[in-house]
Structure formats: structure tokens, C-alpha cells
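Coordinate-derived values only; no laboratory data. Being a predicted model, the structure only gives us computed values, none of them experimental. Glycine also receives a Cβ, built like all others from the backbone with ideal geometry; neighbour counts cover every protein chain displayed.
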Amino acid sequence: MSSSVSVKVTNNQTGHGATHGIPVNGKQQTIASVFGGDFPDHKVVASVIEVQKPAEAVGVKIVAGPPGGSSHEVKGDGTPLKVNNGAELDISNWVITATKQ
């Protein structure tokens, strides 16, 4: 297990995306704090979230979702999590966490 997991957020409508390491420490971070610098006006409009290197995600649970709302597991096998059923959505205020299992 590595100390971080490479996660990519992508807007399939525009093709814009970014990949960053999410620390495996159980601490929540907003999507904007991690990926905002790669998107116009720090507004992360995406349609999928996915693990880029499944080997890094072995023994790690990754969850993302709106603060105070329902969270969604980002599968460690690289299967994309479709945000808003695959339609683009501003997920800047969502939080993401990676926790050792």
C-alpha cells in the first residue's frame, strides 16, 4: 500500500481532467483544494472520478461526496465513479478521503 493514491477527476463533456495524489490518512479534503488549480476559476466541473493506478489502492478505501451528504466509493480497480449519472457537475465543495483498510 502506498502513502497516497492517484485519483483523476474528468469532465467527459469537455475532456478536461486532472490527476493528483490523495494521501492515505483518513483526512477529508475538498475536491477544490486538491484539483482546483487545474480547472478554470478553481471550479471543478467533472463527470467522473477514478483511481489511476489500482496497485496504489490495494487495502485503501476512497470515498467522495458532498459535505454532510451521501458519500460514494471510488473503486480501487479503476472503475470510474460517475458523478451525477455521468453528466457534468460542479463538485468543488465535495470532500474526498482515502483510508487504510
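Computed about its Cα centre, the charge dipole of the chain is approximately 260 debye, with only Lys, Arg, Asp and Glu carrying charge at their Cβ. Taking the Kirkwood radius as Rh and the Cα radius of gyration as Rg, the chain has a ratio of Rg/Rh equal to 0.93. Taking 26 Å as the straight-line reach from the Cα of Lys43, the lysines in range (excluding those fewer than 8 positions away in the same chain) are Lys8, Lys27, Lys53, Lys61, Lys75, Lys82. Projecting the Cα atoms of Gly86, Asn25, Gln52 onto the charge dipole of the chain (Cβ charges, centred on the Cα centre) puts Asn25 farthest toward the positive pole.
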